[in-house]
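Step one of this worksheet: look at the structure below.
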Protein chains: 2
Amino acid sequence: MENYNKLVEHYKTISNFSHLSSICGWDAAAMMPSGGNQARSEAMAQLSLHIHQLSTAPQLEEWFEKAQSDELSADQQASLAEMKRQWQLTTVVPEDLVKAKSLAGSKCEHAWRTQRGDNDWQGFCKNFEEVVNLSQQEAQIRGEQSGLTPYDAMLDIYEPGVNSEQLDNIFGDLISWLPELTQQVIEKQNAESVYVTNENYSTTEQNALGMEIMKLLEFDFNHGRLDISSHPFCGGVPQDVRITTRYDESDFVQSLMGIVHETGHARYEQGLPKQWAGLPVGQARSMGIHESQSLFFEMQLGRSAGFIKNLAPLAKNHFTGNDARVFEPGNLEKIYTRVQPGYIRVDADELTYPAHVILRYEIERDLMNGKISYKDIPELWDQKMKQYLGLSTEGNYKDGCMQDIHWTDGAFGYFPSYTLGAMYAAQFMAAMKKDVDVENALDSLELAPIFTWLSDNIWQKASRFTTGELVSQATGSQLNAACFRSHLENRYL
Amino acid sequence: MENYNKLVEHYKTISNFSHLSSICGWDAAAMMPSGGNQARSEAMAQLSLHIHQLSTAPQLEEWFEKAQSDELSADQQASLAEMKRQWQLTTVVPEDLVKAKSLAGSKCEHAWRTQRGDNDWQGFCKNFEEVVNLSQQEAQIRGEQSGLTPYDAMLDIYEPGVNSEQLDNIFGDLISWLPELTQQVIEKQNAESVYVTNENYSTTEQNALGMEIMKLLEFDFNHGRLDISSHPFCGGVPQDVRITTRYDESDFVQSLMGIVHETGHARYEQGLPKQWAGLPVGQARSMGIHESQSLFFEMQLGRSAGFIKNLAPLAKNHFTGNDARVFEPGNLEKIYTRVQPGYIRVDADELTYPAHVILRYEIERDLMNGKISYKDIPELWDQKMKQYLGLSTEGNYKDGCMQDIHWTDGAFGYFPSYTLGAMYAAQFMAAMKKDVDVENALDSLELAPIFTWLSDNIWQKASRFTTGELVSQATGSQLNAACFRSHLENRYL
């Protein structure tokens, strides 16, 4: 156990520094005034370098080698394997590259905050070129070590075990029936009437309703907060989860479901097992599984007829100055399941969302594999948007390739997780329904059995099993698109 | 220059980690939910240890030795001397003690937040005993190295060059005439009428007025924020200064001047020279000089007749639902210069404040020198409060020795800085008046010449000179109580 214990102590030290990084990262997005950026970027780059140095400390190789002879329980073996996976992912990247990428990402993200509003693609490129170059270098190095293509090597950071051959198949399948299904649904919905008004929904009231919904979804406010940032995210640490949203006073719909979405991420974090706190095995399994939880909350729970029936009177109570007819349950359900192709991924509905992801997946795959240049992005974006969603983004960078933060930060390989998450979520719901009377739980707002199932099958398992094991233990089969397809057909047709 | 440059790079690294510590410390006080405390304390202790390790790195001794032969400009020599002073202050304390004190302080402070409200001295002692023990160990170790008494060794951290012999003299002088002056002023004020009401001043309106006053005092909101915490402070970093206040809806007076006070601290930080950012020579000179700036803003500017004349209409504009007669300039000035002995130091007026400091000074001096136990504090507190201010705190811990955060964190030796600051501020004002038409600047609200004087004489000099040099360059003489006494007599008699 001696070497294993040394590793445990070492990874808890890393976790402490990561804690500071998470909180200061949240602060930079939600609290920091613009003039603080330069000093903060330098401090964060220093911390990032320090974490990298700890993660690649020379003694680790020996400890990992010797720990193989330690007598370990099955849990400890899984814990060791996760430490080793993180170590291997980290050791391959040189320190200078880590520091340079962190600085470039920070600079690019900071400038993006004003450039996006100005639709300033040329200005953005001045910083973005460096982010792409450094990310390509990273992908190249990772690919050489793992024997994967550069892009698959990046994918492996976020969604271990998934490669572009599989994604080409799954996403190819999805995009083969989704546009037609979408068209059918739009036609069906066009024949129905939805009551909407052109009113103002105050930020204060949206916030109060959001907080009430978070309580209902059992977000633990003793271990977390809700704030505002230009791009909503879930940050912080499991003991103190920081979620953010943004409010649009002309539209209560998006912000509220945004809060439900981030609450799903947050409950996963808050529900991770305390006995493994600070260890890789105690962390969320993967980005796809993380997204499965946020999408379970948003799509499987939040937009269900049963939940909306209960949401309706709450919304009516909060928006006292607004037209109450909007909040009739049947009408609210129609609003929340309205399908309409649009530019913005985070505002996209359940049916059109996968097209946004597949578009990005195809671009980032070819960008990391060196088949295209970052300069080609706007044209490819426009082309694919037209093809998948019938919309043009020509000259409209701010609603096109500058709309979100992922590439800005160099997080190439992350996007597929969103649609994998949607498919996992549908499969979890199908499995849960065998054990739990979900309809009744939603109808009566007694959500405890739902959260208990998620806690037992997902949250408490953290990274104890591989993604494949986790999914088949929870649902009895490996990931397949069938549950997602029947979920969509049931809800929308 | 080789060794000097190595030191510069090393101290900039330390500064980057201190940046993260400041922001996460601010977050813990102003943002963090209670349940986040344990994980945060561990992360902060780890960071504190890391900063301590950097500050005591073995190579520093050799670099400092060799740097003496580097060819350095006068500025660089001063920079080297400040790095060396910090190094010497730090190297003397063992790492284990640093970590233990940080953990104990964090734990004690966190529990204090609820214990204070509960008046729970016994519960507080369970954590406080450890903080005192570890601080006494620290004082002992520092004293042995420097040849000072344990308490003087602690004083030296915050107010270098000042010792308890001097303080016994200065504070002995002050306390010899202050109670009588206070009595005279109270009698004079009793004969005057002040118009006050029993109204509610909303937090929102207090906050809006506070923000307007901060803008007027040229707080740079691009490099800072105002938030709420239970104990007001000025934190963050020079590029991103975080000040906090607390609001009492039954009283707009304290929160507003609290904001003016913290704005003084903030402008000193925001005004430090950029060319020395991240280096010890570029930091604020001492706690006493820091306090001189906050008290200059609060007492010399904020409570002056000229400033209040201009504040009055602003207050009237913000508190639209409140009785406007309160805000008549003459009346507002009376409110802001009202003298009344009270329990709470941070709420104390200018005349009674020094008694609070002298009381704490006498207790902490004897506590660190081992002449009394922490258990004796409530009785001594009660005794001295009766003697200096005519008030008893028997059984009232929350308004007595549990009222503030300094000892909770183990910051023994800090309190004298407050009254030294008040004396420096009065001396700076007297000197400034030789160069600047202060009356006219306040009257016309054209404050730029005042800020220029402070910037030239204090802010831009950072730690380039010793406190003694700084004060005599700015005022033409060493610190003496004469300016403070005549300031008080002019204002109050």
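Residues of segment B:225-282 that are among the hydroxyl-bearing types (Ser, Thr, Tyr) and in contact with a helix residue (DSSP H, G or I) (Cβ under 9 Å, 6 or more places away or on another chain): B:229, B:230, B:244, B:245, B:247, B:255, B:263, B:268.
Taking segment A:229-262, which residues are within 14 Å of chain B (Cβ to nearest Cβ) and either of a type outside the set (Gly, Ala, Ser) or part of a strand (DSSP E or B) (or both)?
Of the residues in segment A:229-262, the ones within 14 Å of chain B (Cβ to nearest Cβ) are A:229, A:235-244.
Correct list: A:235, A:236, A:237, A:238, A:239, A:240, A:241, A:242, A:243, A:244.
Checking each residue in segment A:103-158 for being open to solvent by 60 Å² or more (accessible area, probe 1.4 Å), over 24 Å from residue A:40 (Cα atoms) and among the aliphatic types (A, V, I, L, M) picks out only A:148.
Do we have residue B:79 as within 13 Å of chain A (Cβ to nearest Cβ) and part of a helix (DSSP H, G or I) here? Spell out the reasoning first.
Values: within 13 Å of chain A (Cβ to nearest Cβ): no; part of a helix (DSSP H, G or I): yes.
When the stated conditions are applied, residue B:79 does not pass them.
The sole residue among B:9, B:42 that is more than 26 Å from the chain's Cα centre (by Cα) and at the interface with chain A (Cβ under 9 Å from one of its Cβ atoms) is B:42.
Out of all the residues in segment B:317-328, which are surrounded by fewer than 17 Cβ atoms within 10 Å (Cβ to Cβ) and within 22 Å of residue B:217 (Cβ to Cβ)? Don't jump to the end; show me each part of the working.
Kept after step one, since they are surrounded by fewer than 17 Cβ atoms within 10 Å (Cβ to Cβ), are these residues of segment B:317-328: B:317, B:320-321, B:323-325, B:328.
Of everything in segment B:317-328, just one residue is surrounded by fewer than 17 Cβ atoms within 10 Å (Cβ to Cβ) and within 22 Å of residue B:217 (Cβ to Cβ), namely B:317.
Is it the case that residue A:355 is in a helix (DSSP H, G or I), closer than 26 Å to residue A:156 by Cα and assigned by TED's automatic domain parsing to the domain that holds residue A:442?
On the way: in a helix (DSSP H, G or I): yes; closer than 26 Å to residue A:156 by Cα: yes; assigned by TED's automatic domain parsing to the domain that holds residue A:442: yes.
When the stated conditions are applied, residue A:355 passes them.
Yes or no, residue by residue, for (1) free of Cβ contacts under 8 Å to residues at least 12 places away in the same chain; (2) over 25 Å from residue A:417 (Cβ atoms); (3) of a type outside the set (Lys, Arg):
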residue	(1), (2), (3)
A:156	no, no, yes
A:171	no, no, yes
A:177	no, no, yes
A:190	yes, yes, yes
A:205	no, yes, yes
A:211	no, yes, yes
A:214	no, no, yes
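Hey, among the residues in segment B:460-480 that are under 19 Å from the mean Cα position of the chain (by Cα) and hydrophobic (A, V, I, L, M, F, W, C), which one's farthest from residue B:162 (Cα to Cα)? Selected residue: B:462. Do we find a residue being farther than 30 Å from residue A:26 by Cβ and either more than 14 Å from every other protein chain (Cβ to nearest Cβ) or touching a residue at least 24 places away in the same chain (Cβ under 8 Å) (or both) anywhere in segment B:97-111? There is at least one residue in segment B:97-111 that is farther than 30 Å from residue A:26 by Cβ and either more than 14 Å from every other protein chain (Cβ to nearest Cβ) or touching a residue at least 24 places away in the same chain (Cβ under 8 Å) (or both). Answer yes or no: is there a residue in segment B:193-201 that is open to solvent by less than 20 Å² (accessible area, probe 1.4 Å), out of contact with any Leu (no Cβ under 6 Å at 6 or more places or on another chain), modelled with pLDDT of 95 or more and in a helix (DSSP H, G or I). No: zero hits.
The residues in segment B:269-307 that are closer than 15 Å to residue B:428 by Cβ and either part of a loop (DSSP other than H, G, I, E, B) or of a type in the set (Phe, Trp, Tyr) (or both) can be counted, and the count is 7.
Which of the following residues is away from chain A (no Cβ under 11 Å) and assigned to a helix (DSSP H, G or I): B:3, B:37? Let's see the steps before the verdict.
Working: B:37 fails: away from chain A (no Cβ under 11 Å).
Being away from chain A (no Cβ under 11 Å) and assigned to a helix (DSSP H, G or I) holds for just one of B:3, B:37, which is B:3.
Yes or no: residue A:68 over 25 Å from the mean Cα position of the chain (by Cα) and away from chain B (no Cβ under 14 Å)? Yes. Taking segment A:329-351 as the range and being open to solvent by 10 Å² or more (accessible area, probe 1.4 Å) and either over 24 Å from the mean Cα position of the chain (by Cα) or on the phi > 0 side of the Ramachandran plot (or both) as the test, the residues that pass are A:329, A:330, A:331, A:333, A:334. Would it be correct to say that residue B:394 is open to solvent by 20 Å² or more (accessible area, probe 1.4 Å), in a loop (DSSP other than H, G, I, E, B) and of a type in the set (Asp, Glu)? Yes. Answer yes or no: is there a residue in segment A:304-311 that is over 30 Å from residue A:385 (Cβ atoms) and aromatic (Phe, Trp, Tyr). Checking segment A:304-311: at least one residue is over 30 Å from residue A:385 (Cβ atoms) and aromatic (Phe, Trp, Tyr). Within segment A:17-30, the set of residues being touching a residue at least 60 places away in the same chain (Cβ under 8 Å) and either facing another protein chain (nearest Cβ under 7 Å) or of a type in the set (Phe, Trp, Tyr) (or both) comprises A:19, A:23, A:26. In this structure, does residue B:238 turn out to be in the same structural domain as residue B:459 (by TED's automatic domain parsing), touching a Leu at 6+ places or on another chain (Cβ under 6 Å) and open to solvent by 20 Å² or more (accessible area, probe 1.4 Å)? Yes.
Out of the residues in segment A:215-227 that are within 13 Å of another protein chain (Cβ to nearest Cβ) and not in a loop (DSSP other than H, G, I, E, B), state the one that is surrounded by the most Cβ atoms within 10 Å (Cβ to Cβ). In this case the residue turns out to be A:224. Do we find a residue being assigned by TED's automatic domain parsing to the domain that holds residue B:353, without any contact (Cβ under 8 Å) to a residue 40 or more places away in the chain and assigned to a helix (DSSP H, G or I) anywhere in segment B:411-432? Yes, there is a match, as at least one residue in segment B:411-432 is assigned by TED's automatic domain parsing to the domain that holds residue B:353, without any contact (Cβ under 8 Å) to a residue 40 or more places away in the chain and assigned to a helix (DSSP H, G or I). Scanning segment A:94-120 for residues that are at pLDDT 90 or above and either outside any helix (DSSP H, G or I) or of a type in the set (Gly, Ala, Ser) (or both) returns A:100, A:104, A:105, A:111, A:116, A:117, A:118, A:119, A:120.
The values are calculated or read from the model by the stated rules, or taken from the named source; none is laboratory data. Fair warning: this is a prediction, and the values are worked out from it, not measured in the lab. Cβ atoms come from the backbone with ideal geometry, glycine included; neighbour counts cover every protein chain shown. These area figures cover heavy atoms from the full protein model, side chains too; ligands, DNA and RNA do not enter into them. Shrake-Rupley method; radii C 1.70, N 1.55, O 1.52, S 1.80 Å.
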